[in-house]
1. Pull out the extension gain between Ser33 and Ser64, defined as 0.36 nm times the separation in residues minus the alpha carbon to alpha carbon distance; nm, one decimal.
2. Which length gain, in nm to one decimal place, applies between Leu47 and Ile129 when the Cα-Cα distance is subtracted from 0.36 nm times their residue separation?
3. Report the full-extension gain for the segment Ser158 to Arg106: residue separation times 0.36 nm, less the Cα-Cα distance, to one decimal in nm.
4. With all protein chains present, how much of the accessible area of region 51-163 (probe radius 1.4 Å) comes from carbon and sulfur, to the nearest whole percent?
Amino acid sequence: MSTTKDPDPFGRPPVSDPFGPPPPQAVPVGGASGPRAGFWQRFGAYLIDVIILGVLQVVFRLISPGVGLVLSIVVGIVYFTMLEGGPKGQTVGKMALGIRIIDLSRGGSIGYGRAFIRYIGRIASAIVILLGYLWMLWDKEKQTWHDKFAGSVVVPVSAYPVD
């Protein structure tokens with residue numbers, strides 16, 4: 001009798017095993033489905049992005065205080081949505097630290113729509129004393145709340161190269 005497994009989340013075909021299920025030591029237990037970026041890598045990348053956007057905000061607000069604030073918010077939304085939703089899945093900070101965003105279930109880009117959802121999800125992640133950001137510390141897939149909203153994970157480029 002042969003058993004057939006469901007395909008894994010990365011789309012590999014089902015495997016038939018004529019001798020039954022694999023031995024217990026071959027079954028992954030409670031870990032992530034692949035390598036994930038750590039907290040400090042993600043923090044550092046976000047810090048770089050915030051510094052870049054902060055400098056732009058200061059310039060915009062010096063030029064025109066009212067319009068500058070609105071413009072800096074729009075630039076922040078566009079920055080994260082376009083870069084994280086693009087084919088590389090990387091902001092400047094993520095490029096500097098060698099990490100990127102991919103789709104949890106199929107790999108590859110999350111696209112601009114889900115990148116926008118991820119950006120808006122940052123608000124929810126921050127509202128409750130940053131609990132949504134810290135969630136990755138005990139989550140199996142190292143996902144923050146905004147990662148969960150968008151169905152994304154942050155991974156090292158060394159394990160998931162940019163195409």
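The values are calculated or read from the model by the stated rules, or taken from the named source; none is laboratory data. Since the model is a prediction, treat every value here as computed from it, not as a measurement. Ligands, DNA and RNA are stripped out before the accessible areas are found, and what is left, the full protein with its side chains, is counted by its heavy atoms. Shrake-Rupley method; radii C 1.70, N 1.55, O 1.52, S 1.80 Å.
1. On the way: separation 31, 0.36 × 31 = 11.16 nm, distance 4.79 nm.
Value of the extension gain: 6.4 nm.
2. On the way: separation 82, 0.36 × 82 = 29.52 nm, distance 1.78 nm.
Full-extension gain reported as 27.7 nm.
3. 16.9 nm
4. Working: 4450 of 5840 Å².
Roughly 76 percent, rounded to a whole number.
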